[in-house]
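Note sheet for the following structure.
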Amino acid sequence: MGMYVHCLIGHRFSCSLVVLLLLVPVARAGEPGLVFSVKTWEGEYTTKDVPGGVETTPVTGAIYTINADGTGLRKIIQPGKSTDYPTASPDGKWVYYQSNVTGNTQIYRCKWDGSEAINLAPSDQLTKQLKSSGEFEVKDAYGYNLSPDGSKMVLTVHDGKTGRVVIANADGSSPEYVNPKLGYIYMARLSPTHDRVVYSGPAKGYRLLLTTLTDGNTTELTPDHPESFVPQFTPDGKTVIFVRRDGDVYRVDADGKNFKRLTEGNRYVEFKLSSKDSHGSTDGPDISPDGKQIAFMALRDGVPNVFVVDIDGGNKRQITSRKVPCGRVRWSPDGKQLSFVSFEGKHPQLFVIPASGGEPLQLTKLEGAVYFANWRQK
């Protein structure tokens, strides 16, 4: 369930290529658009659990942008080892991503056109900055999530055996551990008010934990429910939405009260790229911008499709009815559309669909697997 990351190599372009690039429509600021990763590999894609992590077919990843109507497709980060997991900053100025180009997974950000790429989590620097909080040699940094206003981020640092959650400014500065003595934790999200972090991990059997940053107090939100994954706060910060090993969507108040199961029979947890992708990648639900609905994946007739349910568990409805697996559902910033990926032949491609349902629009036809996609916020 980990994410993997790395760095960027500069490229020179001939004058003729620059001219060609200027003629290509780009994802325009202020208009609906997405940023997404594309994976390529040789042979059949496989994963398996091994001591201390996951063994995966070597992949090359690139980052693209596209407008929500399918125009303006553009590669902004050239292929690199395990380059993946892009996110647009809430102000629309930056694209964050992970890559393993240097040999260690790290977190980067660049401008929307791919310029000014910078490593936000260099291993040596993070080790030095975090040393006062405990002895921990940082080798990798991954699994980042931005705060709703884009000023902060939480991430996971890893020493090769175990992970810790760190909170930092959005430019990577002023990193601090969150509960460093607890053990292996990750899958962290920051509250809208920046004062609480919710997370999971092996340290407590993947029970959800919430730490208040002002005093360091930690609460177990799901003491009776292990194997709870990818928690996220509702926009008002009062509720945490998550998925459990059974594949269903749950909610619990941020104080640990009012635990509730919202769906039943989803039987879907991980998005997988092939029949031999035995580990997969946790594919959690997504909360609508107004906090009133949740989009999620569920199996119907053995195929993962997109569903939406109200925040209280009512009014569940199926949005897609494809015959091949779908995944990675995300709300558009205005709440009117949903993006998702779905297989077209060997690889998944990127689609959008009205949030009320209808005919999906296929945005990409690429020689590679569209893996993660997120919307531009502005």
| message | Condition first: open to solvent by 40 Å² or more (accessible area, probe 1.4 Å) and assigned to a loop (DSSP other than H, G, I, E, B). Now tell me which residues in the stretch 123-152 satisfy that. | response | GLU135, GLU137, LYS139, PRO148, ASP149, SER151
| field | Number of positions in the stretch 298-320 that are under 30 Å from LYS378 (Cα atoms), open to solvent by 30 Å² or more (accessible area, probe 1.4 Å) and not charged (D, E, K, R) | value | 3
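Quick check on this structure: which one of ILE287, ILE294, ILE311, ILE319 is of a type in the set (A, V, I, L, M, F, W, C), farther than 23 Å from VAL54 by Cα and touching a residue at least 60 places away in the same chain (Cβ under 8 Å)?
After applying the criteria, what remains is ILE311.
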| message | Can you pull out every residue in the stretch 251-291 that is out of contact with any Ser or Thr (no Cβ under 7 Å at 6 or more places or on another chain) and within 23 Å of GLN337 (Cα to Cα)? | response | LEU262, THR263, ASN266, TYR268, THR282, ASP283, GLY284, PRO285, ASP286, SER288, PRO289, ASP290
| Any chance ASP277 is surrounded by 15 or more Cβ atoms within 10 Å (Cβ to Cβ) and in contact (Cβ under 8 Å) with a residue 60 or more places away in the chain | yes
| task | Return yes when GLY72 is within 20 Å of the chain's Cα centre (by Cα) and not acidic (Asp, Glu) and no when it is not. | result | no
| task | Filter the stretch 235-262 down to the residues that are open to solvent by less than 10 Å² (accessible area, probe 1.4 Å) and not in a strand (DSSP E or B), then identify the one that is nearest to HIS279 (Cα to Cα). | result | GLY247
| request: Could you please find all residues in the stretch 44-72 being charged (D, E, K, R), in a loop (DSSP other than H, G, I, E, B) and over 16 Å from HIS347 (Cβ atoms)? | output: ASP69
| said: Checking the condition of a type in the set (Phe, Trp, Tyr) and either modelled with pLDDT under 95 or within 20 Å of LYS292 (Cα to Cα) (or both), which residue from PHE372, PHE351, PHE340 passes? | reply: PHE340
| query | Is there a residue in the stretch 95-103 that is free of Cβ contacts under 8 Å to residues at least 60 places away in the same chain, assigned to a strand (DSSP E or B), open to solvent by less than 30 Å² (accessible area, probe 1.4 Å) and touching a strand residue (DSSP E or B) at 6+ places or on another chain (Cβ under 7 Å)? | reply | yes
| remark: Of (1) open to solvent by 20 Å² or more (accessible area, probe 1.4 Å); (2) modelled with pLDDT of 95 or more; (3) closer than 17 Å to MET153 by Cβ, GLN106 fails just (1)
| task | Return yes or no: is GLY163 of a type outside the set (Ser, Thr, Tyr) and on the phi > 0 side of the Ramachandran plot? | result | no
| query | Could you say which residue among VAL324, VAL306, VAL341 is in a loop (DSSP other than H, G, I, E, B) and among the hydrophobic types (A, V, I, L, M, F, W, C)? | reply | VAL324
| Pairs under 8 Å by beta carbon, first residue open to solvent by 30 Å² or more (accessible area, probe 1.4 Å) in the stretch 339-351, partner among the basic types (Lys, Arg), six or more apart or different chains? | GLU344/LYS365
| Just a yes or no: is a residue in the stretch 274-281 under 24 Å from PRO32 (Cα atoms) and at pLDDT 95 or above? | no
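The values are calculated or read from the model by the stated rules, or taken from the named source; none is laboratory data. Keep in mind that what you see is a predicted model, and the values were worked out from it rather than measured. Positions of Cβ are backbone-derived with ideal geometry, glycine not excepted, and every protein chain shown enters the neighbour counts. Calculation scope for accessible area: heavy atoms of the full protein, side chains included, ligands and nucleic acids excluded. Shrake-Rupley method; radii C 1.70, N 1.55, O 1.52, S 1.80 Å.
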